Amino acid sequence: MLQAPSKYQHFIDNVAVAAASGESIAVVDPSDGSVFAQLARGTAADIDKAVIAARRAADGVWGKTTPVERGRILARWGLLVADAVAELGALESRDTGKPLRQGLADANALARYFEFYGGAADKLHGQTIPYQNGYTVLTIREPHGVTGHIIPWNYPMQIFGRSVGAALAAGNACVVKPAEDACLSLIRVAELGAQAGLPPGALNIVTGLGSEAGQALADHPGIDHISFTGSPETGKRVAQSAAAHHCPVTLELGGKSPQIVFEDADLDAALPVLVNAIIQNCGQTCSAGSRVLIAAGIYDRLVGLLAERFQALRVGPSTSDLDLGPLINEKQLHRVREYLSAAQAGGLEIAASGSVLPDVPGGGFYQAPALLASVPSDNLLFQQEVFGPVLVATRFQDEAQALALANDSPYGLVAGVWTRDGARQMRMARGIRTGQVFLNNYGAGGGVELPFGGVKQSGYGREKGFEALYGFTTLKTIAMRHD
Ligand code: NAP
Ligand code: MG
């Protein structure tokens, strides 16, 4: 395995490029708070350089690369990532604090995204449309040109895979701004892309702060489409900036996703899934199942079972590979603690907590997971996204109330429904206002193939699956008169 370098630079035109400002950002290990590397602090000048490189590629070699060859490059890239899973997983785990097996899972998912979009690149075609006599009308899907990708810190490799993988398959050249807390794996992945055959400029990464490099990307008139994943506030700001130059945007903004459990549910199957849906990645998952809605008849029993599971959860450094690692940074730790203090001040009952190992390094960002019981729907904890390992449990009396509670949220990303009643499954699935509904499962094992995205404050547009390719293209209609 390679030793991680201590200084990381931008990746533009297939080479490492120093920050125009000459400044850097400290890279922190969330497990102990130590600084173990430095990162280029990008500004508008670096973004400009990356956009120029991408435009040159889009108008040049990359733009002329056939779909089948684009697909082969992505497929080769996927194989290179698969070979590097151990290295990428360990790097990600150190950089973001996630347990090692989650880092490895993310790297495997990235390889799978490249495999999927590599296979899809030459299968994206338009239609012929019947029109008046003497006409032939057809549609073609064309790349936007230069696409911008603003990636959060929670799943950098997976979100890069679903967004950049699809954009490149569709023929766009990309400029990527990862979160300052999670850049290292993506720089390594970009090097593998060059090795797989991506020509210079097809993929460019500029690291830096959101308010500097990220804002410069959203503002840049040379960007033809932006894919953003992150908070509703920053998403709104990015969309406003993009609107100033009529740039379309896809927003994926998180959620407060319900997991709804009816009396007839298979609790043995549901229980581990309910717990994992909130503790995975320390709850820092946009699609975390953070509200569990439970039928009155099984409420006490299921809360008891959940409490037992929560008490057994262990939190420790990323390398110890326990149930949970630390949170990403101090700010996130503070945010989660503020929510828990507000919950207690508001009289909510903490039904159970996990525990942080007694000997964790003092500088790490550790938080024990918590289960809050009997949370009313007008409570802050029911309505707002904590983005940490906090599960709220709420009782419902009947199906109508279950549906009303599920939809009583400013968000609409994912929902899970647990019942053996087929008609109820479909009534619930049709009634819930989210982008995805899982019946007797949750998250569907990653779901590279499954269109993903939200409604309401969870955002708009779809990534993942074949659907993403439509978002990363623009449709042209050609009408030919030949009578
Ligand atoms: P954030 O501000 O939305 O950051 C997301 C991405 O946007 C990062 O790459 C960030 O860069 C960048 N960014 C920040 N300000 C920007 C700007 N003015 N213009 C363009 N890009 C900008 O999220 P956060 O502050 O890291 O986390 C806050 C909360 O957001 C979390 O507690 C959670 O609720 C939510 N969140 C959701 C997701 C999700 O998957 N939906 C992911 C992460 C966070 P920097 O990180 O370098 O500033
Ligand atoms: Mg870090």
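The values are calculated or read from the model by the stated rules, or taken from the named source; none is laboratory data. Keep in mind it's a predicted model, so treat the numbers as computed, not measured. Counting neighbours? That spans all protein chains shown, and the Cβs are built from the backbone with ideal geometry, glycine included. Side chains included, ligands, DNA and RNA excluded: accessible areas come from the protein's heavy atoms. Shrake-Rupley method; radii C 1.70, N 1.55, O 1.52, S 1.80 Å.
Just a few scattered comments:
- Residue within region 400-409 that is within 23 Å of GLY447 (Cβ to Cβ), touching a helix residue (DSSP H, G or I) at 6+ places or on another chain (Cβ under 6 Å) and of a type outside the set (Asp, Glu) present: no
- LEU306 in a helix (DSSP H, G or I) and open to solvent by less than 10 Å² (accessible area, probe 1.4 Å): yes
- Screening GLU92 against (1) acidic (Asp, Glu); (2) more than 17 Å from ALA173 (Cα to Cα); (3) more than 16 Å from ligand 2 (Cβ to nearest atom) leaves a single unmet condition, (3).
- Qualifying residues in region 1-40 (those that are away from ligand 2 (no atom under 16 Å from the Cβ), open to solvent by 60 Å² or more (accessible area, probe 1.4 Å) and not hydrophobic (A, V, I, L, M, F, W, C)) - the one nearest to ALA194 (Cα to Cα): GLN9
- Output for region 438-467, where each listed residue is part of a strand (DSSP E or B), under 14 Å from ALA415 (Cα atoms) and in contact with an Asp or Glu (Cβ under 7 Å, 6 or more places away or on another chain): PHE452
- Of the helices (runs of 4 or more DSSP H) entirely within region 41-150, those holding at least 3 residues that are open to solvent by 10 Å² or more (accessible area, probe 1.4 Å) and in contact (Cβ under 8 Å) with a residue 40 or more places away in the chain occupy 44-59, 67-83, 85-96, 100-120.
- Selected residue (only one of ALA170, ALA202 is farther than 25 Å from ALA16 by Cβ, touching a Leu at 6+ places or on another chain (Cβ under 8 Å) and surrounded by 24 or more Cβ atoms within 10 Å (Cβ to Cβ)): ALA170
- Contacts under 6 angstrom Cβ, first residue in region 204-215 being in a helix (DSSP H, G or I), partner surrounded by 24 or more Cβ atoms within 10 Å (Cβ to Cβ) and basic (Lys, Arg), 6 or more apart: ALA213/LYS177; GLY214/LYS177
- Pair list, Cβ < 6 Å and 6+ apart or interchain, from region 180-199 residues that are farther than 17 Å from ASN108 by Cα to residues that are within 11 Å of ligand 2 (Cβ to nearest atom) and in a loop (DSSP other than H, G, I, E, B): ASP181/TRP153; ASP181/ILE328; ASP181/ASN329; ALA182/TRP153
- Among the candidates ARG433, ARG420, the residue that is touching a strand residue (DSSP E or B) at 6+ places or on another chain (Cβ under 6 Å), open to solvent by 30 Å² or more (accessible area, probe 1.4 Å) and part of a loop (DSSP other than H, G, I, E, B) is uniquely ARG433.
Let's see how each residue does on (1) assigned to a loop (DSSP other than H, G, I, E, B); (2) of a type in the set (Lys, Arg); (3) more than 24 Å from LYS7 (Cα to Cα):
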site: SER163; (1), (2), (3): no, no, yes
site: ALA167; (1), (2), (3): no, no, yes
site: GLY171; (1), (2), (3): yes, no, yes
site: VAL175; (1), (2), (3): no, no, no
site: ASP181; (1), (2), (3): yes, no, no
site: SER185; (1), (2), (3): no, no, no
site: GLU191; (1), (2), (3): no, no, no
site: PRO200; (1), (2), (3): yes, no, no
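- If the condition is being more than 29 Å from ALA82 (Cα to Cα) and of a type in the set (Val, Ile, Thr), then region 196-244 contributes ILE223, THR234, VAL238.
- Residue check: GLN384 meets all listed conditions (1) in contact with a helix residue (DSSP H, G or I) (Cβ under 8 Å, 6 or more places away or on another chain); (2) under 17 Å from LEU274 (Cα atoms) but one, namely (2).
- Of residues in region 216-231 being out of contact with any strand residue (DSSP E or B) (no Cβ under 8 Å at 6 or more places or on another chain) and assigned to a helix (DSSP H, G or I), the one nearest to ligand 2 (Cβ to nearest atom): ALA216
- Test result for GLN457, out of contact with any Ser or Thr (no Cβ under 8 Å at 6 or more places or on another chain), open to solvent by 40 Å² or more (accessible area, probe 1.4 Å), touching a residue at least 24 places away in the same chain (Cβ under 8 Å) and not charged (D, E, K, R): yes
- Candidate set: region 151-161, residues that are assigned to a loop (DSSP other than H, G, I, E, B) and open to solvent by less than 10 Å² (accessible area, probe 1.4 Å); chosen: the one farthest from THR96 (Cα to Cα): ILE151
- Every condition in (1) at negative phi; (2) open to solvent by less than 10 Å² (accessible area, probe 1.4 Å); (3) free of Cβ contacts under 8 Å to residues at least 40 places away in the same chain holds for ALA400 except the one numbered (2).
- Counting only residues that are open to solvent by 20 Å² or more (accessible area, probe 1.4 Å) and at negative phi, region 321-339 holds 10 of them.
- Scanning region 1-40 for residues that are in a strand (DSSP E or B) and aliphatic (A, V, I, L, M) turns up ILE12, VAL15, ALA16, VAL17, ILE25, ALA26, VAL27, VAL28, VAL35, ALA37, LEU39, ALA40.
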